[in-house]
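Take a look at the structure below.
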Amino acid sequence: MRHIRLGVNIDHVATVRNARGVAYPDPVRAALIAIAAGADGITAHLREDRRHIRDADIVALKARLTKPLNFEMAATDEMLKIALEIKPHAVCLVPEKRTEITTEGGLDVIGGHNHLRPFIARLREAGIRVSLFIDPEQKQLDMARALGAPVVELHTGAYAEHPDDLGQLQRLITSAAHSKVLGLECHAGHGLTKTNVGPIAAIPEVIELNIGHFLIGEAILVGLSKAIADMRAAIDRGAVSLSPV
Ligand code: PXP
């Protein structure tokens, strides 16, 4: 069986932390648990508005991870400066809109090619693997190749929303095959769940999947019993103490 790399996106651990303005849950701790559980890498998206991952998280992740850090970012000067300082294993360039809830579509590498060409070159010169998060369209793949990016990540969001629409799956299958013809490494992600991941994992050219929201949501449900049992034990230990101090 071939091993498809799993990149775990820990953004939403930071979303929960930030909802309270305290230090927990810690995304670095989540990343280390993910690695211990078999993740092949960790993905984190530093957004312009810092709504989840913050600059200090990226620094801590780079310092403490034992597996590759895939730094997701928009192609802005601010993010380029941070990436060149941190030097993550990989940068995945994504489009970013302030008002979106999540990355809604792929990066338009055709419309943005003048800006992206030198941007990608700067990252590559620093030894950072660059991947472009694009919609599964042949012309976007062709431009990704022309821009010198070695990797594409195919946006699986439309497929995830309509898993029974064979047209959406076929677009991904065709694009993955085309990426191989172009010599591009093919990754995929967005909206993947335990239920819809199978057909994507069956695409032979896909070598890495990046998954976040479902995993963090599932972790809450799967982990809640143990968290409650641990709290029960802590309360009970307190209750049998002789005095509060
Ligand atoms: N890949 C990229 C480039 C993304 O922007 C995201 C979402 O942040 C993901 C993968 C993971 O998507 P999801 O959280 O829906 O699994």
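Where a number appears in this text, it was derived from the coordinates with a stated rule and is not lab data. In this text the structure is predicted, and so the values were computed from the model without any measurement. Heads up, the Cβs are rebuilt from the backbone with ideal geometry, glycines too, and the neighbour counts pull from every protein chain shown.
Compute the acute angle (0 to 90°) between the alpha-carbon long axis of helix 213-239 and the principal axis of greatest extent of the alpha-carbon atoms of the chain; round to the nearest 10°.
10 degrees
On C-alpha positions alone, give me the angle between the axis of helix 113-125 and the longest principal axis of the chain, in degrees, nearest 10.
60 degrees
Which order results if R232, R29, R47 are arranged by neighbouring Cβ count within 10 Å, fewest first?
Exposure proxy ranking, most exposed first: R232, R29, R47.
Run the helix sum for the chain: -39,500 (n - 2.57) per DSSP H stretch of 4+ residues, divided by residue count, reported at 222 nm to the nearest 500 deg cm²/dmol.
Estimated from H runs of four or more residues: -14500 deg cm²/dmol.
Return the lysines within reach of K87: Cα separation strictly under 23 angstrom, same-chain partners fewer than 8 residues apart disregarded; answer none if there are no such residues.
The qualifying lysines are K62, K67.
Mind checking Rg over Rh on the chain, alpha carbons, Kirkwood formula for Rh?
Answer for the chain: 1.03.
For a quick check: with amide H placed at 1.01 Å from N, whose amide H comes under 5 Å from L46's, ignoring anything fewer than 5 positions away on the same chain?
Counting only residues 5 or more places away or on other chains, the set is E72.
Do any GluC sites (Glu not before Pro) in region 71-142 lie in a DSSP loop with no more than 11 other beta carbon atoms within 10 Å, and if so, which?
In loop regions of region 71-142 (DSSP not H, G, I, E or B), the sparsely surrounded GluC sites (Glu not before Pro) are E100.
Quick one: helix 77-86 against the long Cα principal axis of the chain, what's the angle to the nearest 10°, folded into 0 to 90?
60 degrees
Among the DSSP beta bridges whose two residues both lie in region 91-245, what percent are antiparallel, rounded to the nearest 5?
Antiparallel bridges: around 0 percent, rounded to the nearest 5.
Which of the aspartates and glutamates could a cross-linker span from K81 if the Cα-Cα distance has to be under 18 Å and same-chain partners fewer than 8 positions apart are dropped?
E48, D49, D55, D57, E72, E96, E125
Under a cut-off of 20 Å between alpha-carbon atoms, report the aspartates and glutamates in cross-link reach of K226, not counting same-chain residues fewer than 8 places apart.
D26, E218, D236
So what J values fall out for region 41-49 if you push phi through Karplus, 6.51 cos²θ - 1.76 cosθ + 1.60 with θ = phi - 60°, rounded to Hz, Gly and Pro as x?
Along region 41-49, the couplings run x, 10, 10, 9, 10, 8, 7, 4, 8 Hz.
Quickly work out the S241-to-K194 label distance, labels modelled 7 Å from Cα along the C-beta direction, and quote it in nm with one decimal.
3.8 nm
Give or take rounding to whole Å, what are the principal axis extents of the alpha carbon atoms in region 100-168, in descending order?
42, 25, 20 Å, listed from the longest principal axis down.
Using unit Cβ charges (K, R positive; D, E negative) and no other charged atoms, how large, in debye to the nearest 20, is the dipole of region 99-222 about its Cα centre?
For this selection, approximately 480 debye.
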